[in-house]
Amino acid sequence: MTRSEELFARAQRVIPGGVSSPVRAFRAVGGHPPFIVRGEGSRVSDADGHSYIDYLGSWGPLILGHAHPDVVEAVREAALRGTSYGAPCPGEVELAERVVRLMPSMEKVRFVSSGTEAAMSALRLARGFTGRNKILKLEGCYHGHADSLLVVAGSGVATLGIPGSPGVPAGTVADTVTAPYNDLRAVEEVVSVHGRDLAAVIVEPVAGNMGCVLPSPGYLGGLREITRRAGALLIFDEVITGFRLGLGGAQAQYRITPDLTCLGKIIGGGLPVGAYGGRGQIMGRVAPEGPVYQAGTLSGNPLAMAAGCAALDALQRPGVYERLGALARRLTDGLAAAAKSAGVDVTINRAASMFTVFFGRGPVTDYASAKASDTARFARFFHGMLRRGVYLPPAQFESAFVSFAHTDPDLEATVRAAGEALAEVAAQA
Ligand SMILES: *Cc1c(COP(=O)(O)O)cnc(C)c1O
C-alpha cells in the first residue's frame, strides 16, 4: 500500500468518501487520489514522494502558483499579529479598495468565506432589492452548493450525475428557472413567462464548471439588455474569472456592467475568501446599512485579507497577464498538435489561462455539447498524464489553469506526456 492509499483508507473511515469536497475523490476518473503534502511554484508533491506539474491550481485560486513568496510572507506576518479578531481590521479596507478599484462594476464589496456564500448572499440581496423571488440560472453553470442554485449545476454535480441533490426542498428550487447557456431566445422565453417575478439572472460570464465554455458573441450583452428591460438584476459569478481573465475580470474584457458580482478563489490568494459587490445603491441594502441580513464570524479574516492583497499586488505587475496568456496559448497549441498526431478527436476551449480538453469533435458551446464528451477517454488520458507527472483536474467538466509559475520546460514536459498519453487513448479505443 502506498502512503496515499493508506491515508485514503483512514480518511474514508472518518470523512464521507474520504474527502472534504466530492470531486477530489477521483470518482469521475477512477483510482485513488494522491495525498498532497507540498506545493511549490508550478508543482505539487504527494505523500509518496511523486512530483507533479500542477494544472489544478487548487481549482482556480493559485494563479501565481503554489507558495508564492509574497503571499506566504503576508500570511506569516499577519498570523504573528493574531489569526482572527471578530472586529474590523485594516486588511479588509485594503483588499476592498483594491477590488473596487480594479473591478469596473463594483462600488462596494462585502467579504465572505467562500464562493458558495458569495453567490448565495448575492441572490438574497437581489431578491431583497427587487422584491421578486425567481432567479434564472444557466445550465452547466455552478455557483456553489446553496440550495436554490443546485439545479442543473456543473462541476461535481455534473460528474456525479446528481440531479440537483436530495435534501434540496422542491419549494426552494421552485423559484429557480433554468435555460441553456448561450441561448438568448430561451432567456427571452423565461422572461416572457416569469418577467414580473424575476429577481435576477446569474451567470458565469465565461463558464468554468462544465469545462471551459466561452460566451457566444453578443450573449453577455444580450443578457444585460434582457435583464435591464425586465427590471431584473444581472449577476456575474466571477468566482473563477475574476482576476483570471485579467484585472477587471470578464466584465472588463467583455465590457458589460453587471449589477452584482461574485468573487472568490483568486482574491483569497489561496486562503478561504469570497466576496460579492456592486453598485452602492444595491449594496446599501446589505445589513447593517440596509435590511438584507448576511454575516460571518470569520468574514474578512486578517490572514485571508493579507493573502488576497499580496496576490492582487503581484498580479498588477506589468506583463503578468500577457505572460499567462502566452503560456496557456503555447500549451493548448501543443496539446492540440499532440491530439492531432495521435488521431484523437479533441476540442480545446480556452479563455486566457483557463482551458479544457474535451474528448469529442465539438464545438462545445453549452452543457449539452459538453456532456457529449467521451468521459471514459478523458479518464484514460487523465491517468496517463498523472502517471507521467502531470496533475489535471480529475474530471472532464472542469477547467485546467495555467499559473504564473509555470515554465517553458513545464509546458514542454506536459506536451510530451500528452503525446504519449493520447497515443495510449488511441490504442485502447
Ligand atoms: C468555485 C465556484 C463557486 C463556489 O466557490 P466555493 O469557494 O467552492 O464555495 C461559485 N461559483 C463559481 C463560478 C465557482 O467556480
> Which of (1) farther than 25 Å from E77 by Cβ; (2) open to solvent by 10 Å² or more (accessible area, probe 1.4 Å) does T356 not meet, given it meets every other one?
Replying inline: (2)
>> Could you go through region 264-287 and let me know if any residue there is crowded, with 24+ Cβ neighbours inside 10 Å, away from the ligand (no atom under 14 Å from the Cβ), assigned to a loop (DSSP other than H, G, I, E, B) and on the phi > 0 side of the Ramachandran plot.
In response: no
> Which one of these does L198 not meet: (1) buried (at least 23 other Cβ atoms within 10 Å of the Cβ); (2) within 16 Å of the ligand (Cβ to nearest atom)?
Replying inline: (2)
> What are the residue pairs meeting all of these: first residue in region 308-336, first residue farther than 17 Å from R98 by Cα and open to solvent by less than 10 Å² (accessible area, probe 1.4 Å), second residue in a helix (DSSP H, G or I) and hydroxyl-bearing (S, T, Y), Cβ atoms under 9 Å, and 6 or more apart or on different chains?
Replying inline: L331/T414
> Does any residue in region 226-242 that is in the same structural domain as G131 (by TED's automatic domain parsing) come within less than 8 Å, Cβ to Cβ, of a residue that is away from the ligand (no atom under 16 Å from the Cβ) and aromatic (F, W, Y) six or more places away or on a different chain, and which pairs are these?
Replying inline: L233/F129
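Can you find, within region 125-144, the residue that is farthest from the ligand (Cβ to nearest atom) among those that are under 22 Å from I256 (Cα atoms), of a type outside the set (S, T, N, Q) and open to solvent by 30 Å² or more (accessible area, probe 1.4 Å)?
In the first step, residues of region 125-144 are kept if they are under 22 Å from I256 (Cα atoms); the result is 125-127, 129-130, 135-143.
Keeping just the survivors that are of a type outside the set (S, T, N, Q) gives 125-127, 129, 135-143.
Then keep just the ones that are open to solvent by 30 Å² or more (accessible area, probe 1.4 Å); that gives 127, 129, 139, 142.
On the way: R127: 18, F129: 20, E139: 14, Y142: 5 Å.
The extreme case among them is F129.
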>> Please determine whether any residue of region 145-156 is modelled with pLDDT under 95, surrounded by fewer than 24 Cβ atoms within 10 Å (Cβ to Cβ), within 16 Å of the ligand (Cβ to nearest atom) and more than 27 Å from M283 (Cα to Cα).
In response: yes
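Listed here are the residues, each with its yes/no results for (1) open to solvent by 50 Å² or more (accessible area, probe 1.4 Å); (2) within 13 Å of the ligand (Cβ to nearest atom).
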site	(1), (2)
G171	yes, no
A186	no, no
Y219	no, no
D237	no, yes
R244	no, yes
Q253	yes, no
T261	no, yes
>> Here's a check for you: in region 1-33, which residue that is assigned to a helix (DSSP H, G or I) and open to solvent by 100 Å² or more (accessible area, probe 1.4 Å) is nearest to D374 (Cα to Cα)?
In response: R24
> Which number in (1) in contact with a helix residue (DSSP H, G or I) (Cβ under 7 Å, 6 or more places away or on another chain); (2) buried (at least 20 other Cβ atoms within 10 Å of the Cβ); (3) not hydroxyl-bearing (S, T, Y) marks the one condition that I348 misses?
Replying inline: (2)
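For G86, state whether it is over 24 Å from G277 (Cβ atoms) and in a loop (DSSP other than H, G, I, E, B). Spell out how you get there, then give the answer.
Numbers: over 24 Å from G277 (Cβ atoms): no; in a loop (DSSP other than H, G, I, E, B): yes.
So G86 does not fit the description; no.
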>> Based on this model, can you work out whether A179 counts as among the small types (G, A, S) and either within 16 Å of the ligand (Cβ to nearest atom) or within 17 Å of the chain's Cα centre (by Cα) (or both)?
In response: no
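Give the residue that is nearest to the ligand (Cβ to nearest atom), with candidates limited to residues of region 49-70 that are of a type outside the set (A, V, I, L, M, F, W, C) and within 16 Å of L386 (Cβ to Cβ).
Applying the first criterion (of a type outside the set (A, V, I, L, M, F, W, C)) to region 49-70 yields 49-52, 54-55, 57-58, 60-61, 65-66, 68-70.
Filter once more, keeping what is within 16 Å of L386 (Cβ to Cβ): 49-52, 54-55, 57.
Working: G49: 29, H50: 26, S51: 26, Y52: 21, D54: 17, Y55: 16, G57: 12 Å.
In this case the residue turns out to be G57.
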>> All but one of (1) outside any loop (DSSP other than H, G, I, E, B); (2) modelled with pLDDT of 85 or more; (3) of a type outside the set (D, E, K, R) hold for G171; state the number of the condition that does not hold.
In response: (2)
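Please determine, by comparing only the residues of region 101-122 that are in a strand (DSSP E or B) and of a type outside the set (V, I, T), which one is least open to solvent (accessible area, probe 1.4 Å).
Here is the first cut: in region 101-122, the ones in a strand (DSSP E or B) are 108-112.
Then keep just the ones that are of a type outside the set (V, I, T); that gives 108, 110-111.
Numbers: K108: 84, R110: 64, F111: 16 Å².
Going through the qualifying residues, I end up with F111.
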> Pick from region 34-78 the residues that are out of contact with any Gly (no Cβ under 8 Å at 6 or more places or on another chain) and part of a loop (DSSP other than H, G, I, E, B): which of them is surrounded by the fewest Cβ atoms within 10 Å (Cβ to Cβ)?
Replying inline: G49
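The values are calculated or read from the model by the stated rules, or taken from the named source; none is laboratory data. The model shown is predicted, which means the values in this text are computed figures rather than measured ones. For neighbour counting, all protein chains shown are included, and Cβ atoms are generated from backbone atoms with ideal geometry for every residue, glycine included. For the accessible areas, the whole protein counts, side chains as well, though only heavy atoms, and no ligand, DNA or RNA atoms are used. Shrake-Rupley method; radii C 1.70, N 1.55, O 1.52, S 1.80 Å.
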